[in-house]
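The values are calculated or read from the model by the stated rules, or taken from the named source; none is laboratory data. Model, not experiment: these values are computed from the prediction. Don't worry about glycine lacking a Cβ; one is built from the backbone with ideal geometry, like all the others, and counts go over all protein chains shown. For the accessible areas, the whole protein counts, side chains as well, though only heavy atoms, and no ligand, DNA or RNA atoms are used. Shrake-Rupley method; radii C 1.70, N 1.55, O 1.52, S 1.80 Å.
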Amino acid sequence: MASWPRNPRLIGTRIPRLDGMAKATGKAKYPSDILPAKMLFGAILASPHAHAKIQSIDVKAAESIPGVKAVYVQAKAGSTLRFQGDFIAAAAATSEELARDAVRAIKIEYEILPHVVTEEQAMAPGAPAIVRGGNVRPGRAVIRGIPDSKLAEIEKIVTALPRNQQETRRKQEVEKVFDELFARSDAVVEATYSVPVITHVCLEPHGLTARWDGPDKLTVWASTQAVQVVANELAGEFEIPSANVTVLTDYMGGGFGSKFGADVWGVVAARLARQANAPVRLFLDRSLEHLAAGNRPSATGKVKIGASKDGRVTGLLAETHGTGGTGGAGFPFPYVYDIPVSSRSHSDVFVNGGAQRAMRAPGHPQACAIMEAALDDLADKLGMDPLELRLKNLDPNDFHTPIYKGEIAMAAELIGWREKRKPRGMNGTGPIRHGMGMAMHQWGGGGTQDKKVSCTISPDGTVELKSATQDIGTGARTIMAIIAAEILGLKPTDIVSNIGNSTFPPGQPSGGSTTTPSMSPPTYDAATRARDALFKHLAKVLNVKPEQLSVKDGSVLVEGQASLFWKDACRKLGTASIAETGGFQEGLASVGVGDCQFAEVRVDTETGKVKLLKLVAIQDSGLILDKLTWESQVYGGVIGGINYGLFEERIMDPITGVMLNADMEQYRLAGAADIPEIIVRAYEPDEQKARGVIGVGEPPTISTAAAIGNAVANALGVRVPHWPMSPRNVLMALSAAKKEGRA
Amino acid sequence: MKAFEYSAPSTLEDALKLLSGPDAVALSGGTDLVNRMKDYVTSPARVVYLKDVKPLAGISGDARSGLTLGAGTRLSDIVASAAIRESYPALWQATAEVGSPQIRNMATLGGNLLQRPRCWYYRAGHGLLAMKDGKSLVREGDNRFHAIFMTEGNALFVAPSSLASALAALGSRVTIAGPQGERTILIEDLYQVPRSESDSELALRPGEIVTKVNLPAAAGKSASYEARHKEAQDWPIVLAAVNLTLNGETVSSARIYLAGVAPIPWKCTAAEKAIAGKQLTLQIADEVGEAATSGAAPLSMNAYKVPLVKTTVKRALLAAIGNRYWEA
């Protein structure tokens, strides 16, 4: 088993990212900045309708515009368009304006089909079915904790009935079990909570620039999280060897899970480039980013949860649904806690909207919001501190429980929970109320075992790492350099960290918080092998044994005494470089993290405005390689969570079927003035470090919105059941509570 | 956007001549027009850039006799003006809260007053009234940001300029130049309710532009208060602007205008009546805020704006006399 250095010089310190200056000054060229010679600009024609059939399509007028070099039609006459933004055609021209004129000149006759764009519409009786099998796909209840004998009894009753009555009866029988359970509970909460669909809003849009370097040789600059996936897709699409496709992503401006493939627009860019015999740049505009490039599904949970006086949850009955447009909308539930008896049934609801894509911790933010809101309301009903309630319901058999407890203690201390938090209804009677809330989450963050990194040491002393992974903003390039520098006794800036090229040794797609845990072991291995190969060569030259050699501060040491500067040592290689490839090493990476976040808010009951005062995020993720890039990940996750908690919402128009806020004006995102003090701390006692590396990209975004929602409920004494915590949702909840005499 | 003819005259005379052609529009900061052109909501044949017409920009006069603001004055210049900050706080506050620093550095007073509604149906190309198959898209669809007053008609968008309401509360006049010469009107008369899709919400005749805004001598105490979602760059959901004439501690009269609630800057007559002759206290401000909501007829999704009317009026009134209780 391999292990990380026990007393590292670099690992775990605060090291600025190698490309930070290039990014800050604009020197860094992102894929969408690359303009190869003779390049043409592409533009896309996408469906203006939520649901329509193409009757005819005529590109003659578009093709005849001077400067328009190619038009490619993806959807043919007879094709069905399933959402506003569904891809129809694209054109390439000598300017972006001409390309746009060209796609506007494409004449299409549509047969408009009935649409459903909201869950309400899709689930309404008599709604037009937009997918085969109906708009609502119900899943069977997942039941835990009901004794097998009881379940067998229920099945006996159910199977005696005609088939079409079975599901309803099964549901009734299960509910009976819960009715009994809740009747014995000291407190029961029944409520419905929901989070809306949001979109990724990557600052750099999706797309690529394609250049053919021969009839079967393709180079593309793609904004992607997976250079090799894009290369393989394009190779397959054009039936050329994948080795002939080079996908380059030196930098990229955000993906969050939505940029794993070539996508239809990527393939079409290459088709247009072939047709026009010139490189073609095709990136989405802002509106298409919202419409067609993925989203995080909504979630609604109708929840009934009970507890005994001592705060132990007795059971949870949940019906959930959500929409991922033309895709599914699943999420894990119950979430985090040890729930002794539970039944959860989930329905995917299909609407005429762009399909969901993975988005930073897929499913978890939705699960967390609903679970944590229900637990918080339960604590209020029991008259118990919600922090205590959470401690009482962690799974005693989970290895992570002691970690959670440590994190909760840290966070409570940092936000001043014991001193400042008051129960609901005790946060003032004036218009401005103060509130505090918390939430918890979990994530995997483990790596894969099949990735490779090469490490080359050249006679001039250059050290180059290569792998076909990419840096999506997490600091992958820097992390790899830190590891090699640590092992070779050099500075991170001495290492050339070459990634973002699909022709390099197999690298990890950047998703699921897997990049660092996947890439660290092979980097460690490659650097170690290269160092050992260098030692072997030097040992001969210096007439010592390789074991007598070590490296430190840019020098090679013999028996601990500085002997040669690094460059001089490398010069002794003569003309032959050292090139070693490293792979997975057991013991360097692990999986399974958790976190808690605490929020402090001020809510103006007269304007409905939620002002964040402070957010505390305590995160564990094993051994942290670079404290600085690690903290950036957590800050970024929290800021994403603030947007989810306060601002973001895709607004679909039920009448016209289009998205009403497909821009960055009515689709709200925090500006600098909306960001509160954020306190980020790593939970990393020695036993955490010993676990090895675990990814951190996703977990810190999960519980922010949930914690904010709970802080708002604490401030108001009234639950705002629907996110975002906008003035409208807050004022509507207050007005409903007033009408019902709750506030 | 569609190709267009472009010119950048340096005199008002030349500008007016160029604007008298069919389908000509004036361009100043471009923060609204350019976006509409990109989205094909507005596709002019000719764009006349006014930034080189130097007399259109700048602030002159003083608070004692009144200020003149050129239509080409940038919002950032209004925010930088000590005279406006001290003597016309209703205007200063409303301007300081527009958009972002980048937008305020580009956008002009005239452009702000003449920007087109932000109604998302209008911006999606459905027209000002957004009628489809005889039905109002706004009424039937998502109207969370739309009007709560005058909703018996079909013009359900809200007038987008918060500055217009602040200037109306301050009793400002605008000067308009056009082919028929110059005219000066009350700022509230710059806006009208369109009755049909061929009407405009702006009472400008073809070829006319706004050249300046006159603020009367500063009298009384003014303030504006806006309720919004974000701290950073956002639109007000509702804004109230007030200008109080005080007699000792008694409010002898008041001008109260709202933005974000009607297709025109909304004059709160009920609130103006309710405050007249009263001493402004927290209790009275609350009552006047309540009075301001009378006649509100919200649509299906925007009833939450009614309490915002009450709050913004109450807070603008109290801010005018230096009581910012919500910041305590």
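Determine the distance separating the Cα centre of the range A:172-220 from the Cα centre of the range A:451-521; give it in Å without decimals.
The range A:172-220 and the range A:451-521 have Cα centres spaced 32 Å from each other.
Which order do B:LYS273, A:LYS76 take when ranked by solvent-accessible area (1.4 Å probe, heavy atoms of all protein chains), largest first?
B:LYS273, A:LYS76
Separation of the range A:223-252 and the range A:284-315 by C-alpha centroid, Å?
If you average the Cα positions of each part, the centres end up 34 Å apart.
Using a 1.4 Å probe on the heavy atoms of the protein chains only, list every residue of the range B:217-240 that has 40 Å² or more less accessible area in the complete assembly than in its chain alone.
B:HIS229, B:LYS230, B:GLU231, B:ALA232, B:TRP235
Kindly compute the accessible surface that chains B and A hide from a 1.4 Å probe when together, both sides summed, and give it to the nearest 100 Å².
2900 Å²
Please name the residues of the range B:269-305 whose accessible area, counted over protein heavy atoms with a 1.4 angstrom probe, falls by no less than 50 Å² between the chain alone and the full protein assembly.
In the range B:269-305, residues shielded by partner chains: B:TYR304.
If you count only protein heavy atoms and use a 1.4 Å probe, how large is the accessible surface of B:SER65, to the nearest 10 Å²?
Using a 1.4 Å probe on the heavy atoms, I get roughly 90 Å².
If you count, for every residue in A:424-431, the Cβ atoms of partner chains within 10 Å of its Cβ, what is the mean?
Average per residue, whole number: 1.
With heavy atoms of protein chains only and a 1.4 Å probe, what residues of the range A:594-617 have at least 30 Å² less accessible area in the full set of chains than alone?
A:GLU606, A:THR607, A:LYS609
At what distance in nm do the modelled label points of A:ASP338 and B:SER7 sit from each other, each positioned 7 Å from its Cα along Cα→Cβ?
8.2 nm
Using +1 on the beta carbon of Lys and Arg, -1 on that of Asp and Glu, and nothing else charged, what's the dipole of the protein assembly as shown about the Cα centre, debye to 20?
For this selection, approximately 400 debye.
What ranking do A:593-603, A:263-273, A:302-312 get when scored by the average of other Cβ atoms within 10 Å per residue, highest first?
A:593-603, A:263-273, A:302-312
Counting only other chains, and only Cβ atoms inside 10 Å, what mean value do you get across the residues of A:721-731?
Whole-number average of other-chain Cβ neighbours for A:721-731 is 3.
State to the nearest 20 debye the size of the charge dipole of the range A:295-420 about its Cα centre, where the only charges are +1 on K and R beta carbons and -1 on D and E beta carbons.
280 debye
Check A:LEU564: other-chain or 5+ apart residues with amide H under 5 Å from its amide H, H built from backbone geometry?
A:VAL556
Identify, among A:ALA617, B:VAL306, A:GLY574, the residue whose Cα sits farthest towards the positive end of the charge dipole of the protein assembly as shown, taking +1 on the Cβ of Lys and Arg and -1 on the Cβ of Asp and Glu, with the dipole about the Cα centre.
Of the listed residues, the answer is B:VAL306.
Taking all protein chains together and a probe of 1.4 Å, list A:GLU586, A:GLU698 from the most accessible to the least accessible.
Descending order: A:GLU586, A:GLU698.
Dipole of the protein assembly as shown (Lys/Arg Cβ +1, Asp/Glu Cβ -1, origin at the Cα centre): which of A:ALA293, B:MET37, A:PRO423 lies farthest to the positive side?
Looking along the dipole axis, the top candidate is B:MET37.
Considering the dipole of the range A:133-179 built from charges on the beta carbon (Lys and Arg +1, Asp and Glu -1) around the Cα centre, which of A:GLY139, A:PHE178, A:VAL158 is farthest to its positive end?
A:GLY139
Using a Cα-Cα cut-off of under 19 Å, which lysines could be cross-linked to A:LYS217, ignoring same-chain neighbours fewer than 8 residues away?
Straight-line reach from A:LYS217, under 19 Å: A:LYS38.
For the range A:457-583, with every protein chain kept in place, what is the accessible area per residue (1.4 Å probe, Å²)?
Spelled out: the 1.4 Å probe surface of the range A:457-583, per residue, equals 38 Å².
Per the 1.4 Å probe, what fraction of the accessible area of the range B:1-54, in percent, lies on carbon and sulfur atoms?
C and S atoms contribute 52 percent here.
Quick one: pull the percentage of alpha-carbon pairs in the range B:221-322 with a separation above 21 Å.
Roughly 27 percent, once rounded to a whole number.
By how many nm would the segment from B:SER196 to B:ALA232 lengthen if fully extended, with 0.36 nm per residue of separation less the alpha-carbon distance?
9.4 nm
Mind checking A:648-655 for the average number of partner chain beta-carbons within 10 Å of each residue's beta-carbon?
What the average comes to for A:648-655 is 4.
Considering only DSSP states other than H, G, I, E and B, which GluC sites (Glu not before Pro) in the range B:137-229 qualify as loop sites with at most 15 other Cβ atoms within 10 Å?
In loop regions of the range B:137-229 (DSSP not H, G, I, E or B), the sparsely surrounded GluC sites (Glu not before Pro) are B:GLU152, B:GLU197.
In the range A:447-582, what is the count of Lys pairs whose alpha carbons are under 24 Å apart, counting only pairs at least 8 residues apart or on separate chains?
Eligible lysine pairs with Cα atoms under 24 Å apart amount to 24.
Straight-line reach from A:LYS171: which lysines have a Cα under 24 Å away, not including same-chain ones fewer than 8 places off?
A:LYS150, A:LYS156, A:LYS302, A:LYS304
From the protein chains alone at 1.4 Å, what is the descending order of accessible area for B:GLU97, A:GLU111, A:GLU180, largest first?
A:GLU180, A:GLU111, B:GLU97
Taking the solvent-accessible surface of protein heavy atoms with a 1.4 Å probe, what is the per residue accessible area of the range B:221-322 in Å²?
34 Å²
In chain A, which helices (entire DSSP H runs) extend 27 Å or more along their own long axis, judged by Cα positions, while averaging at least -1.0 on the Kyte-Doolittle scale?
Span-like helices, by this rule, are A:515-542, A:627-646.
What does the range B:1-54 give for Rg and for Dmax, in Å, if only its C-alpha atoms count?
10.7, 31
Which of the peptides B:42-50, A:150-158 is most tightly packed, and how do the rest follow, judged by the mean count of other Cβ atoms within 10 Å per residue?
In descending order of packing, they fall as B:42-50, A:150-158.
Tell me, how many Å apart are the Cα centres for the range B:43-110 and for the range A:368-403?
Computed from Cα coordinates, the inter-centre distance equals 54 Å.
Taking a cut-off of 20 Å between Cα atoms, list the lysines near B:LYS221, but don't count ones fewer than 8 places away on the same chain.
Answer for B:LYS221, where 20 Å is the Cα cut-off: B:LYS267, B:LYS273, B:LYS278, B:LYS310, B:LYS314, listed by chain and number.
Tell me, what is the 1.4 Å probe accessible area of A:THR605, in Å² to the nearest 10?
Its heavy atoms expose roughly 30 Å² to the probe.
For the range A:447-582, with all protein chains present and a 1.4 Å probe, just round the carbon and sulfur fraction of the accessible area to a whole percent.
49 percent
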